[in-house]
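The values are calculated or read from the model by the stated rules, or taken from the named source; none is laboratory data. Predicted model only: the values in this text are computed from it and were never measured. Don't worry about glycine lacking a Cβ; one is built from the backbone with ideal geometry, like all the others, and counts go over all protein chains shown.
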């Protein structure tokens, strides 16, 4: 069974962390992964930095710029991840923008991911219709889960279409915003989480955008399988360095 | 017919589409489902035509440039878009899109701008319609283009600096797209060129096609025929070119010439000649030719004209290029500046530096004496006086 589905099958709220590969230092990628895994993270999203990250807010934009300046690239990332499976057994997802994948070659990209032991891919700007038409079979042939996104604005009909495309989890964007927003979760967000949960989709649900501490984690995972934290984690990493990883993950579990 | 029209999936051949995050899907979908029928309504057409006539000053003249024609031994017409209100063709699009935004019930308008021309054209129509206007502009461009920043502010727009990436047009576009993601319900994004996700390239082409429609009837009057032998325009993103080419693309005997900026030369690292230096990829939600490194990271273009230094070209132009329907020529800073000076001296028309690029093609292309050429004289040079002044030492 794919490690993502194995994680989702557990009776617990999953912690998923996004970080930018090659940040803060080029060679930090594998160390961040190892420390996250050791601290009890369930799923890691390895961000392949991009020059024009449309769906990301300022925190991830800055970490991406820094990582690119550090020399991160698709090729370097795949080199760094060689042998990662000898040390880490939790689910690993690569998250990036589609142009990087396109230039590397979609088939080659998937082949590299499979060889390394990557479990899934999140490409926010690869729309579902183009995925289904051109790339679905390639992803599936390499045992890679395609993680689609939904937002509060996504219609029920479209959610059904999206649900049919994947078989692991749907990335539920907490509000209509780029990453790193400050808003806490009010009634509107909570009722959105519940509304989607009540649809009983075949995919599990993970909530991302706007989660930053134990309280927002608890709120967002109440009706779902867990949460994805990106901007807040990068913020901590920037401020506290690698030693901040363990206490941050533990703080999320303290609720 | 319609070989160069967008298909039902939003593609021009291999190019176009809507490579957008799901977060943008509702916004783009709303537009996609409504733009054609709104534009086709009598109400829209009536207002659009009225504003283009009485506010913008259309039809713009089709002027036979006799001195230039004599020098290059061919017949040269200029489509005088530089005489439009706000000084360029950009306003044709913003007038159309503001009417569309109103029909969709949007009350907040966002736009990106490079040199500030599209920002000014957007701020102008927002002032006219009493709508809130936010213009994203690269922090670097804000410094370089102070007069246009002042114009936008005077027109009541808020100018927001884009401080990410290279802090220029592509980053301003990213910021505008992010703003739209964060305001999915009340906001319309007025893109200034034939770029971005479907339906923008088609919609902006449609709104700018008034240029080619006028050329046809004006040419009929002057030459006794609707079709010229060549249509020629500069291409950054490509909106003035798309507007001039629109009704001629399906007439294979009309030659189409797009003129790109090669900056300091295509063999230097400072260029914006996308058809030469670009590769297929995705930028701002569209599959097209764009300048990028081998890793797919978008690189920063350069041109002396701020309106041509976009790292991609509209998907329609990528299609015209790939199919061979359009011929693309690239012109250096120096060639463009000299052509701008020549047009000023010979015809008494100081063109925008973007526009000046088109007039430099005579160095590379020969025409017959009885050929009829129509150039899009897309913008006037007022905004570029400082650059001209420094360059020529006036």
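Among A:119, A:125, which is facing chain B (nearest Cβ under 8 Å) and within 24 Å of residue A:230 (Cα to Cα)?
Numbers: A:119 fails: facing chain B (nearest Cβ under 8 Å).
So the residue among A:119, A:125 that is facing chain B (nearest Cβ under 8 Å) and within 24 Å of residue A:230 (Cα to Cα) is A:125.
Kindly establish whether residue B:113 is within 17 Å of residue B:168 (Cα to Cα), touching a residue at least 60 places away in the same chain (Cβ under 8 Å) and touching a helix residue (DSSP H, G or I) at 6+ places or on another chain (Cβ under 8 Å).
Yes: the conditions hold for residue B:113.
For the range A:150-169, how many residues are buried (at least 22 other Cβ atoms within 10 Å of the Cβ) and within 11 Å of chain B (Cβ to nearest Cβ)?
Total meeting the criteria: 3.
Filter the range B:4-30 for residues that are touching a residue at least 12 places away in the same chain (Cβ under 8 Å), assigned to a loop (DSSP other than H, G, I, E, B) and more than 11 Å from chain A (Cβ to nearest Cβ) and give the result.
B:4, B:5, B:6, B:13, B:14, listed by residue number.
Taking the stated definitions as given, is residue B:184 over 19 Å from residue A:60 (Cβ atoms), surrounded by fewer than 24 Cβ atoms within 10 Å (Cβ to Cβ), in the same structural domain as residue B:22 (by TED's automatic domain parsing) and under 21 Å from the mean Cα position of the chain (by Cα)?
The answer is no for residue B:184.
I need the full set of residues from the range B:257-274 which are over 16 Å from the mean Cα position of the chain (by Cα) and either under 15 Å from residue B:216 (Cα atoms) or not in a strand (DSSP E or B) (or both), in order please.
Matches in the range B:257-274: B:264, B:265, B:266, B:267, B:268, B:269, B:270, B:271.
Among the residues of the range A:233-247 satisfying the criterion of being touching a residue at least 24 places away in the same chain (Cβ under 8 Å) and assigned to a helix (DSSP H, G or I), which is surrounded by the most Cβ atoms within 10 Å (Cβ to Cβ)?
Only one residue fits best here, namely A:233.
Let's see how each residue does on (1) in contact (Cβ under 8 Å) with a residue 12 or more places away in the chain; (2) outside the structural domain of residue B:239 (by TED's automatic domain parsing); (3) farther than 30 Å from residue A:173 by Cα:
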| site | (1), (2), (3) |
| --- | --- |
| B:122 | yes, yes, yes |
| B:133 | yes, yes, no |
| B:137 | yes, yes, no |
| B:142 | yes, yes, yes |
| B:146 | no, yes, yes |
| B:154 | no, yes, yes |
| B:158 | yes, yes, no |
| B:170 | yes, yes, no |
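Suppose we filter the range B:358-368 for residues that are in contact with a strand residue (DSSP E or B) (Cβ under 8 Å, 6 or more places away or on another chain) and within 13 Å of residue B:73 (Cβ to Cβ); how many remain?
Count: 2.
Here is a check on your reading of the model: is residue A:61 surrounded by 15 or more Cβ atoms within 10 Å (Cβ to Cβ), assigned to a helix (DSSP H, G or I) and within 14 Å of chain B (Cβ to nearest Cβ)? So that I can check it myself, show each step before the final result.
Details: surrounded by 15 or more Cβ atoms within 10 Å (Cβ to Cβ): yes; assigned to a helix (DSSP H, G or I): yes; within 14 Å of chain B (Cβ to nearest Cβ): yes.
In short, yes.
So which residues in the range A:89-127 are closer than 25 Å to residue A:151 by Cβ, touching a strand residue (DSSP E or B) at 6+ places or on another chain (Cβ under 7 Å) and assigned to a helix (DSSP H, G or I)?
Matches in the range A:89-127: A:98, A:99, A:102.
Within the group B:57, B:105, B:96, which residue is under 23 Å from the mean Cα position of the chain (by Cα), surrounded by fewer than 20 Cβ atoms within 10 Å (Cβ to Cβ) and more than 26 Å from residue B:303 (Cβ to Cβ)?
One residue alone meets the criteria, B:57.
Can you work out which of the residues in the range A:66-84 that are facing chain B (nearest Cβ under 7 Å) and in a helix (DSSP H, G or I) is farthest from the chain's Cα centre (by Cα)?
A:68
Is the range B:178-201 home to any residue that is part of a helix (DSSP H, G or I) and away from chain A (no Cβ under 13 Å)? Don't jump to the end; show me each part of the working.
Residues of the range B:178-201 that are part of a helix (DSSP H, G or I), as a first pass: B:178-182, B:200-201.
Still in the list and also away from chain A (no Cβ under 13 Å): B:200-201.
The answer is yes, given that some residue of the range B:178-201 is part of a helix (DSSP H, G or I) and away from chain A (no Cβ under 13 Å).
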